[in-house]
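Engineer: Below are the structure tokens for one structure; questions will follow.
The values are calculated or read from the model by the stated rules, or taken from the named source; none is laboratory data. If you're wondering where the values come from, they're calculated on a predicted model, not measured in any experiment. Don't worry about glycine lacking a Cβ; one is built from the backbone with ideal geometry, like all the others, and counts go over all protein chains shown.
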2 protein chains.
Amino acid sequence: MSDLTITRVEAIPYAIPYRKPLRFASGEVRTADHVVVRVHTAGGLVGTAEAPPRPYTYGETQASITAVVRDLFGPAVTGTSVLDRAEHRARLHRTVGNPTAKAAVDMAVWDVIGQAVGQPVHRLLGGYADGLRVSHMLGFDTPGTMVAEAHRVRDDYGISVFKVKVGRRPYRLDVDVVRALREEFGEEIELYVDGNRGWTASESARALAEMADLGLTLAEELNPADDVLGRRWLVQQCPIPFVADESVPTPAQVTRELLAGSATAISIKTSRTGFSESERVLHLAEGLGVEVVLGNQIDGQIGTLCSVVFGAAHEATSRRAGELSNFLDMTDDLLAEPLQITDGRLLAPTVPGTGVVLDEDKLARYRQDA
Amino acid sequence: MSDLTITRVEAIPYAIPYRKPLRFASGEVRTADHVVVRVHTAGGLVGTAEAPPRPYTYGETQASITAVVRDLFGPAVTGTSVLDRAEHRARLHRTVGNPTAKAAVDMAVWDVIGQAVGQPVHRLLGGYADGLRVSHMLGFDTPGTMVAEAHRVRDDYGISVFKVKVGRRPYRLDVDVVRALREEFGEEIELYVDGNRGWTASESARALAEMADLGLTLAEELNPADDVLGRRWLVQQCPIPFVADESVPTPAQVTRELLAGSATAISIKTSRTGFSESERVLHLAEGLGVEVVLGNQIDGQIGTLCSVVFGAAHEATSRRAGELSNFLDMTDDLLAEPLQITDGRLLAPTVPGTGVVLDEDKLARYRQDA
């Protein structure tokens, strides 16, 4: 047994409430009920990541993630080396779905690899930029409240890129918000929209037309991808990149949706595809010639740190701001050193591994299985 | 300056004759007139790879590779860290083409990374298998001579997978060879064919029909990819995977040829896409759902070792035998420890880096710039 042999994998469910619920067309989140995954090795190194349950997107729950890591994925990788990533992939893929559970195992494995070889994972993956610009997500509310939040986030963190959740009915509710933001900030902010499949194709087309003068840079999942012809009709007329997110959780889905004309850009989320599979999605999207954006799975600080590690490593994911600020709404978090957004940017860790170090007291306080 | 900072990049042209010329439809090779690329770092680690000039495929010559590494690519990466792979890619891509020169720089950089972190590159890339089965290429000759070579290679090295070069006129010359091989060895060997664009589409179709009972597993580049409609017509009727090789030197070409229906499988060559870009090609091909085969750029032992490092690291490239035996025809080579094909397999090195260690006396003897 080498020092890098995996001896066990922990799955620790925890819960930390949000200050306020985050509301969007496909659901809302009031509590971060995530699962910490820790990969232990014979030499004593421990890698850490987390999985956020998103039942309305992937069907996973906190209980399902905890169980599948404890009962299937942990035993599948135990006894292998952390370097056996290709074998891990082959074994985990025998179980369908469970994307965030698989991703957390992969990122925890990478964390050990980085620690073992004494290099930041961000650099092992390519090390393109030292960090990423941050895009902030504005959930459903009134124009006045959302403009006020944008002001606060801009003043407090220097963030000037905003992703506005849309998809309400009537669509004018959302158009009014976007217009209010543009009128308030002028060209000083970048704005784009995410419908989480809330509108029909025709509602989406009308809303896009009414927002044509507002300088949006991306439109994401405005209507359901399963409305196949409606989606294609919409994407064909959309003058800005149309981002597929929850409709492309796997490389094969990326291929299908792009070839079907159902998207012209791809959202990459490390919480859903880890580091190894996110590289596949990135290389596929780049090879097919479409743009990418680094998305947020309503991550806590652990997941956000992992997003920065991956996103800053690559040129394509560094071009646009990454969606990295959802953690700001949590009442507390587990990182020993809280993330700091400064001048609208988050820096990639420069320590070996992914830089995820937990506050063990907080983990003990918030864990749900004690 | 860190220990991993690149201080200079050497490009050393050398020439080693082949025992006999290797003949195929697009050209022939009598001498290995390759270029050794060495990446030197501040801490003293040196990474080594090589570039084989293939003017009939990529337009590169020994002189052009030596010059572009010395004058452009070396200076472009000097002063960066070996870990700055994403930045290297961005800088090298400012120069069009020159694939084997770029690939050699990337593989030499990876060699340093592996040495620096104390791990075989094969494992850093995924570490799927401990080695690869070897496929041997049979160049143009008479049926009797080619059968005799197959016997010799099978007896000496345990190789039972053969890639038969085809594309001569009349096509019956090649059909007779394939039939002679199948009749001699029965089901004990795997056979596939590579036309190097030598036939027309209709010649290819007739030859495939006449070989329909011979159990071929792949057909590669039988006719020119630039005969766009003829190629598509051929591929549509081809009952085995049709491999694109020289028509897909970049990820974008992979996408174009696959979407055009001009291929149903992709040849990956580390000599042309290094490790970093070969990962992109692999992930693209897998994401698009086509098979891959690890090809040979008429590599010497250095290039062959790099092919094994990459091919054995991934599940998809491990499924089929890799084309790894061209070096057998060279009268000498530069590795301090010559490669050994045993039981039809080559093992991936288990030492840190890629395992490329040169015999400096031989390099001094064969180098062309002294």
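Engineer: Would you say A:A49 is on the phi < 0 side of the Ramachandran plot, in contact (Cβ under 8 Å) with a residue 60 or more places away in the chain and surrounded by 17 or more Cβ atoms within 10 Å (Cβ to Cβ)?
Structural biologist: Judged against the criteria, A:A49 is a match.
Engineer: Taking A:E210, is it crowded, with 22+ Cβ neighbours inside 10 Å and at negative phi? Lay out the reasoning, then the answer.
Structural biologist: Details: crowded, with 22+ Cβ neighbours inside 10 Å: no; at negative phi: yes.
Criteria not met by A:E210.
Engineer: So, in the stretch A:143-163, how many residues would count as being farther than 26 Å from A:G274 by Cα, surrounded by 21 or more Cβ atoms within 10 Å (Cβ to Cβ) and without any contact (Cβ under 8 Å) to a residue 60 or more places away in the chain? I'd like the intermediate steps shown before the answer.
Structural biologist: First, pick out the residues of the stretch A:143-163 that are farther than 26 Å from A:G274 by Cα: A:143-158, A:160.
Those still in the list that are surrounded by 21 or more Cβ atoms within 10 Å (Cβ to Cβ) too: A:146, A:150, A:153.
Then drop every residue that is not without any contact (Cβ under 8 Å) to a residue 60 or more places away in the chain, which leaves A:146, A:150.
The qualifying residues number 2.
Engineer: Looking at the stretch B:165-190 only, could you name the residues that are β-branched (V, I, T) and either in contact with a Lys or Arg (Cβ under 8 Å, 6 or more places away or on another chain) or farther than 14 Å from B:A219 by Cα (or both)?
Structural biologist: Taking the stretch B:165-190 as the starting set, the residues that turn out to be β-branched (V, I, T) are B:166, B:175, B:177-178, B:189.
If the condition is that a residue be β-branched (V, I, T) and either in contact with a Lys or Arg (Cβ under 8 Å, 6 or more places away or on another chain) or farther than 14 Å from B:A219 by Cα (or both), then B:V177, B:I189 are the ones that fit.
Engineer: So B:V254 clears everything in (1) in a helix (DSSP H, G or I); (2) away from chain A (no Cβ under 14 Å); (3) buried (at least 22 other Cβ atoms within 10 Å of the Cβ) except one condition, right? Which one?
Structural biologist: (2)
Engineer: Something else: A:G59: over 30 Å from B:D106 (Cα atoms), of a type outside the set (A, V, I, L, M) and more than 10 Å from chain B (Cβ to nearest Cβ), yes or no?
Structural biologist: Working: over 30 Å from B:D106 (Cα atoms): yes; of a type outside the set (A, V, I, L, M): yes; more than 10 Å from chain B (Cβ to nearest Cβ): yes.
It is true that A:G59 is over 30 Å from B:D106 (Cα atoms), of a type outside the set (A, V, I, L, M) and more than 10 Å from chain B (Cβ to nearest Cβ).
Quick grid of which residues meet (1) away from chain B (no Cβ under 14 Å); (2) among the hydroxyl-bearing types (S, T, Y); (3) on the phi > 0 side of the Ramachandran plot:
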| residue | (1), (2), (3) |
| --- | --- |
| A:N296 | yes, no, no |
| A:S307 | yes, yes, no |
| A:F310 | no, no, no |
| A:H314 | no, no, no |
| A:L334 | yes, no, no |
| A:E337 | yes, no, no |
| A:P352 | no, no, no |
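Engineer: If a residue must be out of contact with any helix residue (DSSP H, G or I) (no Cβ under 8 Å at 6 or more places or on another chain), in a loop (DSSP other than H, G, I, E, B) and of a type outside the set (A, V, I, L, M), how many such residues does the stretch B:326-342 contain?
Structural biologist: Here the count works out to 3.
Engineer: Also, I was wondering about something else. Taking the stretch B:261-273 as the search range and keeping residues that are more than 13 Å from chain A (Cβ to nearest Cβ) and more than 13 Å from B:D299 (Cα to Cα), which one is surrounded by the most Cβ atoms within 10 Å (Cβ to Cβ)? Show your work before the answer.
Structural biologist: So in the stretch B:261-273, the residues more than 13 Å from chain A (Cβ to nearest Cβ) come out as B:262-265, B:267, B:269-272.
Imposing the further condition that a residue be more than 13 Å from B:D299 (Cα to Cα) reduces the set to B:262-265, B:267.
Working: B:S262: 23, B:A263: 29, B:T264: 20, B:A265: 20, B:S267: 25.
By that ranking, first place goes to B:A263.
Engineer: Please verify whether the stretch A:350-370 includes one or more residues that are touching a Lys or Arg at 6+ places or on another chain (Cβ under 6 Å) and in contact (Cβ under 8 Å) with a residue 24 or more places away in the chain. Explain how you work it out, then say what you get.
Structural biologist: So in the stretch A:350-370, the residues touching a Lys or Arg at 6+ places or on another chain (Cβ under 6 Å) come out as none.
Taking every residue of the stretch A:350-370 in turn, none turns out to be touching a Lys or Arg at 6+ places or on another chain (Cβ under 6 Å) and in contact (Cβ under 8 Å) with a residue 24 or more places away in the chain.
Engineer: Pick from A:T100, A:T78: which is at negative phi, more than 13 Å from chain B (Cβ to nearest Cβ), modelled with pLDDT of 95 or more and surrounded by fewer than 22 Cβ atoms within 10 Å (Cβ to Cβ)? Steps first, please.
Structural biologist: Values: A:T100 fails: surrounded by fewer than 22 Cβ atoms within 10 Å (Cβ to Cβ).
The conditions single out A:T78.
Residue by residue, here is whether (1) buried (at least 22 other Cβ atoms within 10 Å of the Cβ); (2) within 21 Å of the chain's Cα centre (by Cα); (3) more than 14 Å from chain A (Cβ to nearest Cβ) holds:
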| position | (1), (2), (3) |
| --- | --- |
| B:A108 | yes, yes, yes |
| B:G118 | no, no, no |
| B:V121 | yes, yes, no |
| B:V134 | yes, yes, yes |
| B:D141 | no, no, yes |
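Engineer: Can you pull out every residue in the stretch B:123-132 that is touching a Leu at 6+ places or on another chain (Cβ under 9 Å) and buried (at least 22 other Cβ atoms within 10 Å of the Cβ)? Break it down stepwise before answering.
Structural biologist: Within the stretch B:123-132, the first condition is being touching a Leu at 6+ places or on another chain (Cβ under 9 Å), and the residues that meet it are B:123-124, B:126-127, B:130-132.
Selection gives B:R123, B:L124, B:G126, B:G127, B:L132.
Engineer: Please work out which residue is nearest to A:L328 (Cα to Cα), limiting yourself to the stretch A:164-197 and to residues that are touching a helix residue (DSSP H, G or I) at 6+ places or on another chain (Cβ under 9 Å) and touching a residue at least 60 places away in the same chain (Cβ under 8 Å).
Structural biologist: A:K165
Engineer: If I ask for residues that are surrounded by fewer than 12 Cβ atoms within 10 Å (Cβ to Cβ) and assigned to a helix (DSSP H, G or I), which ones from the stretch A:343-363 would you list?
Structural biologist: Within the stretch A:343-363, A:E360, A:D361 meet the criteria.
Engineer: Separate question: Determine if the stretch A:177-189 includes at least one residue that is away from every other protein chain (no Cβ under 14 Å) and part of a strand (DSSP E or B).
Structural biologist: Step one: filter the stretch A:177-189 for residues away from every other protein chain (no Cβ under 14 Å), giving A:177-189.
Of the ones still in play, those that are also part of a strand (DSSP E or B) are none.
No.
Engineer: Residue check, B:I266 against (1) touching a Lys or Arg at 6+ places or on another chain (Cβ under 9 Å); (2) farther than 20 Å from B:E149 by Cα, all met but one. Which one?
Structural biologist: (1)
Engineer: May I pose another question? Restricting to the stretch B:332-358, what's the tally of residues that are under 19 Å from B:V35 (Cα atoms) and of a type in the set (G, A, S)?
Structural biologist: The number of residues fulfilling the criteria is 2.
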